[in-house]
Each structure stands twice: as structure tokens, then as C-alpha cells.
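A short worksheet on the structure shown next.
The values are calculated or read from the model by the stated rules, or taken from the named source; none is laboratory data. Because the structure is predicted, anything quoted here is derived from the model rather than measured. Here the Cβ positions follow ideal geometry from the backbone for every residue, glycine too, while neighbour counts run over all protein chains shown. Surface areas here come from the heavy atoms of the whole protein model, side chains and all, with no ligands, DNA or RNA. Shrake-Rupley method; radii C 1.70, N 1.55, O 1.52, S 1.80 Å.
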Amino acid sequence: MAVSSPSLPSTTSIGWRTPAVIVACGCMISLLSFGPRASLGFFLTPMSQDNGWDRDVFGLALAIQNILWGVGQPFAGAIADRYGTMRVLCAGGVFYAIGLILMAYSTTPGMLDLGAGVFVGFGLAGCSFSVVLGAFGKLLPARWRSLAFGAGTASGSFGQFLFSPLAVGLIDTVGWRTTLEVFAGLLLLIVPLAFAIATPRSDAPAQTSVRSLRQGELTSPRGLRQPDSETAPSVEQIQTYKQALAEALGHRSYILLVLGFFTCGFQLGFVTLHLPSYLIDRGLSAQVGGWTLGVIGLFNIVGAMLSGWLGGRMPKRYILAVIYFARALAVVFLVTMPASPAVALIYGAVTGLLWLSSVPPTAGLVAVMFGTRWMAMLFGIAFFSHQVGGFLGVYLGGLLYEQTGSYDIVWWLGVLFGVLSAVINLPIVEKPVARLATA
């Protein structure tokens, strides 16, 4: 098919961008973006002590981070869907690094809110796994997607596994300020990696022809992508973002999916920030907290990959229901058993299997129901619900601790939300919307 304009960016050349390269570079971006953020809980105690802050000061900054990450995600996703992922990823990585530098030199709560809250929050919206998974959905063939979604999610957890003990070791060795500076430098590696998962612009009228050409190009023996019904240009490429939003927000199953994802954020936000301090309060060492979060990250590599693999073989709504209910049981185990390193590590292992394993089936359901044209934006809206939950988990953890001297109320709220989310995911209808089904 002849194409006069627009031409594909040079970054989309397929000579070196095989599926393996795309998945590997996307996974590395997920690792780098999630690792430092997952280790921020270890900065709560030293930063609070050095600056004379209560725990709710640090908790508020990270709560702001969670909510702005969520607010920014649909916009970052929509920009990436329309104009390509590379610029979004690069800008996000730079914002993230600036936020960590500001955090390192914060002397007032307001400055901490700006660095750890605003800059890191918007930075994460631009370079986190949500944008990476959206790129995977566009660049990879359908048969790769579910497993690639699991790999992209698992790599974020591997970042948590690496960065949690690394943060503890560096803080003890060089101090928390230098540790944040090191992490900021590592985040700049996202910029060159972003070239490997760059997607082309899709805002021009001739984009359908470009997409058709792209599909034709990618049927070479190196085989990056085959045309499939989910990405038919005649169906997806003509849909505007306003039409996509109206369709999704009027879809009952999508609303249930978004509501269920709230619980994931609540549980993850609270545990990531407050679990190390909770374990210290119960008489365990900071090293136990570091290894517990590290074990969560390690086991989630298995959990996310398994979830991604299962998502291509069984109903995704059932996977989500099991994940949320099992998380609730894991919390009951932790808070009712006597405190010990073994209990903490068992909780970490079980929770790790369930940690981000909700992401592949959630992203997969978005792709199944609506296709991949506006996938990053629609998954970003679901992720906003996730981050509202994260905001409440982080902030309520600090606030209720200062008021009651205990984290118990928040733990039991997590149990309640887990059970409710398990129930509301069951009625999800797992099939394409009428627009795609008819096509």
C-alpha cells in the first residue's frame, strides 16, 4: 500500500526491534521506575528523625505522589497513545529524577511535598509500567501480549527486590541523601531505553495507511507482529479519545474493573510505605523489613509471570477475584500471628505472589474489551482508581498511626476491601465491546 505521509519515525525501524528487544527494554524501564519508588518507605524513619517530622508528614508527601501519579496516568497514556511513547517516557524519567534530588535536599514539609509528591508523582505517570504495557499492546502480536504484560509487571517487582535491600545498605553506608542521588542518576537510563519501545504517532488522518504498512512490514521472519482483529485499523484507528472515554465509562464491566483496582492501590500503597515501620514497632529490625519487601518483589516476579500466563488460558476475572481474596487472608495471617522474622518473610512471600499480579489480567481485560488503540489511556483511568486507593492507604496509615499509635485499623480496612474487590470482579463480562465484536 502506498503511503505518502506521515512517515514512521526512524525509531520504529524493525531491523533491531524484535519482540525480545522490545520486551527486554520495556522490562528494564519498569524495573528502573518501580525500584526506587518501592524503596521510599526506608527513608521515612531517617528523614523524619533528621528533620524532626512526624510520620504523617512523610506519609502526606507520598500520598500526594500516589494521587498525582494516578491523576497524571490517563493523560500520560492518552499522549503516548496519540503521539508515541518515547517523549512521554523520557519526560517522566527526567521528572522522576528531579523529584528524588529535591527530596534529598528537602528541609521543609512543603519542599518534600514538591519533590517526593509532585515531581515523583508526575514522573511515575510518564515512565511507569502503565505506559510500557500500552507500548507492548501496540508493538507485540496478540499471542505475546498476556505474557509480555506479566513480564513487564514482574520486572517492576524485580526492581523492588533489587532496590529494597540496596536502599537499606546504601542508607547505612553513605546516608539517605546520597542514596537518593544515586537513584536519581540510575533513572536517567530510562531515556536511551525509551527508543526501543517507541510507538509512532497516531493522530494524523493517514495513520490508517501507516498502520497497514507497519503490519505488512512486521510479517517478516523476525515476526514482530501479525495483523489481528483487535488492531484492525478500520475499527480502532477512527475512534477518537472522546469516543473511547464515552464507550468505556458507559461499560459496566469496565466500571467494575476500575472499582476493584482501587483495593490493589490501597493495599500496595500502605504496605510499601508503612510495613517496615510496622515491623519495627513489633520488635523486628529494619533489615527484616528490607528483606520482607525484597521477598515481596522477588516472589512477585513469579506471581506476575504466572498471572500473565494464566490470563491467556482462563477467565481473567477469576484470576483477579482469587488475588484480592488471597491478599485479605495474607493480612489476617500477618496481624494475628506473633511477630517474628519467619512470619514476616512468609507474609512477604505470599503477598509477593499476589503483589502486582492483578496488573496483567487488568490490562488484558482492557485490551480484550476495547482493543489497543486507546489502551494506555483506558488502563490509566483504571490506574487512577488504583492510585486513589494508594493515596488513602499511605495517608491513612500515617494519620491513624499518629492518632491511635497503631496500624491495626488500616490493616483491617485492607482485608475488607480485598473481600469486596474479589466479589465485584466476578460479574465482569470478558468479551469485546459491540464495536469490535461486530467487526
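Full extension of the chain between residue 332 and residue 107 gives 77.2 nm of extra length, using 0.36 nm per residue less the Cα-Cα distance.
Taken along the Cα-to-beta-carbon direction at a fixed 7 Å, the label points for residue 426 and residue 50 span 5.0 nm. Taken per residue, the accessible surface of the chain reaches 36 Å², heavy atoms only and a 1.4 Å probe. Ranked by solvent-accessible area (1.4 Å probe, protein heavy atoms only, all chains present), the residues 53, 355 order from largest to smallest as 53, 355.
Model label sites at residue 246 and residue 434, defined 7 Å from Cα along the beta-carbon direction, differ in position by 1.4 nm. Surface composition of the range 240-314: carbon and sulfur atoms hold 71% of the protein heavy-atom accessible area at a 1.4 Å probe.
Any idea of residue 340's accessible area? Nearest 10 Å², probe 1.4 Å. Rounded to the nearest 10, the figure is 30 Å². For the pair residue 255 and residue 339 in one chain, pulling the backbone fully straight at 0.36 nm per residue adds 26.4 nm over the alpha carbon distance. The accessible surface of the range 72-174, taken with every protein chain in place and a 1.4 Å probe, is 77 percent carbon and sulfur. Residues 144, 69, sorted by accessible area with the largest first, give 144, 69 [1.4 Å probe; ligands and nucleic acids excluded]. Site pair residue 18 and residue 143 shows an inter-label distance of 1.6 nm when each label is modelled 7 Å from Cα along Cα→Cβ. Within the listed set 351, 153, 18, the Gaussian network model of the chain (springs between alpha-carbon atoms below 10 Å) gives the highest mean-square fluctuation for 18. For the pair residue 309 and residue 201 in one chain, pulling the backbone fully straight at 0.36 nm per residue adds 35.9 nm over the alpha carbon distance. Once percent of Cα pairs over 27 Å apart is calculated for the structure shown, the corresponding label among (1) 53; (2) 61; (3) 48 turns out to be (3). Residues of the range 241-269 with backbone nitrogen within less than 20 Å of a virtual label 7 Å along the Cα-to-Cβ line of residue 325, please, listed as ranges. So the set is 256-265, 267.
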